[in-house]
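J.: Below are the structure tokens for one structure; questions will follow.
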Amino acid sequence: TDHVATKEGTRYEPLHPWPRTIVSPPWRMCNFNGELVGGAVFTTTNNHTLGFAVGKLVNNEWVLLGGEFNDLVLDLVVYKGELYAAGIFTEAGAKKVPFLGRWSGEAWEPVAEFSGPVATLAVYDDKLVAGGLFDRVNGELMNNISAWNGESWENLDGGITGDALVLDAFVHQGTLIATGEFRWAGPMRIQSIAMWNGSSWAAIGNLDLWSQSSRIDRAMSWGDEIVVASSYLQEDWGELATWNGHSWKPVFPRLFGSVYLLEEYRGNLVVGGRLSVERGRRHKLLQYDHDRWSSFGREEEGVVGSADSFLPFGDGFYVAGGFRVTGSDASLILGHWDGKDQTFSPVPVAMTIAPNPARSRAIVSWSDAPVGVGTLTVYDIRGRRVRTLYENDTTQTKGASIWDLRDDNDVRVASGVYFMKLESRAGSVSKKVVVTR
């Protein structure tokens, strides 16, 4: 398994495991009925093949929603109380679900027949908007963007064309904004960012991008402004520009590097990636208050990756990315900022058991353990030791073990309730496993 983590002071600590080994941080996260939901990539239990899934965080553990997807999930959104997932996938839970799926509470269901990937979702004018790299929806020509009212899909004045790819769609002051890589929106020659007012497309000022094939990688609404991130801005602008309703201007102090996320938190602009302010020291996650950049708490020690996705949640927020836990191998971590003490707070070691109940074997996997995890032991319901599965690994913060449902004498155990206890320097955690015939 791999990690969800928190940070206290200057050090990240690993947290919640995914049911299998995560090989990417959650690409997108959302709040669905008060629970954190994210889409990520994982390896199967033999660590040889890749899988894709959407999971939710329940009692510090990840629980998969439905079966596996056959490719990436790129965006998640809640529309009329239901969860929708978009991406490159064409199947979910062995069912045909081409590029856009709806969670029914039990399984992922197809919404429409898209001809290509859906990269972004937004809710505009009580409609679900899908943007991406597709020509048709249910056989009808749409050109990379379309809106659904719950019954039918709408062509938005010819869509977006010109070797087009729609990467972001969002609402700003009652209008729909689409960004990405394109040269036409409807009949208008518009490069990379366009505004839809419900009946027609229009340009948003004159954002001077230095290449005809330029693209805007990230964009969002921030108060009265639109913020875009692009490597194709004028050279002395850095990576960010804002539209104030009248003109485009760079963000000062300028930000350079690679921008992977743009979000808003408590009125501030939040930027994640591999960043530097005025080509100074490197940062992974910064906030901007219209005047200056600042980090969240002290600068992170041991962070070697970047912040890839961000979600305000309750009084704080979650952030996902690639990090290094001090003294261990690189891990994929989701951290939670509590919003109160202005720190990331650690939680105990986490462990999963599957299948449970177990008939022939149980796979026990854990993360969140500091270097020097001690032992993994099976006990019966009376507290008697049945089997020691794992002992004295001083180099790994994560791992897995298979219990063949036999005791130390190689005798099959009786049906009933047993407990797995994982002990480490951070403490111990126990979980119940039911053995059946």
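What follows draws every value from the coordinates through simple rules; no lab data is involved. Remember, predicted model here, so these are calculated numbers, not experimental data. Cβ placement follows ideal geometry from the backbone for every residue including glycine, while neighbour counts extend to all protein chains displayed.
J.: Label-point separation (nm) for Asp291 and Lys432, each offset 7 Å from Cα along Cα-to-Cβ?
T.: If labels sit at Asp291 and Lys432, their model points lie 5.6 nm apart.
J.: Checking the a/c ratio against 1.5 first, then a/b against b/c, what shape does the Cα gyration tensor give for the stretch 187-292?
T.: Prolate is the answer for the stretch 187-292, as a/c is 1.5 or above and a/b outweighs b/c.
J.: Under a point spin-label approximation (7 Å from Cα along Cα-to-Cβ), what is the Glu109-Ser401 distance to one decimal in nm?
T.: If labels sit at Glu109 and Ser401, their model points lie 4.4 nm apart.
J.: Going by C-beta contacts inside 10 Å, put Ser401, Ser230 in order with the fewest on the left.
T.: Ser401, Ser230
J.: For an R0 of 25 angstrom, estimate the FRET efficiency from the Cβ-Cβ distance between Lys95 and Arg361 and round to the nearest 0.05.
T.: 0.35
J.: Which of rounded, prolate, oblate describes the stretch 89-152, given a ≥ b ≥ c as roots of the alpha-carbon gyration tensor eigenvalues and a/c under 1.5 marking rounded, otherwise prolate only if a/b is larger than b/c?
T.: oblate
J.: Based on the Cβ-Cβ distance of Asp126 and Ala203, what FRET efficiency does E = 1/(1 + (r/R0)^6) give at R0 = 35 Å, to the nearest 0.05?
T.: Details: r = 26 Å, r/R0 = 0.73.
With R0 = 35 Å, the Cβ-Cβ based efficiency is 0.85.
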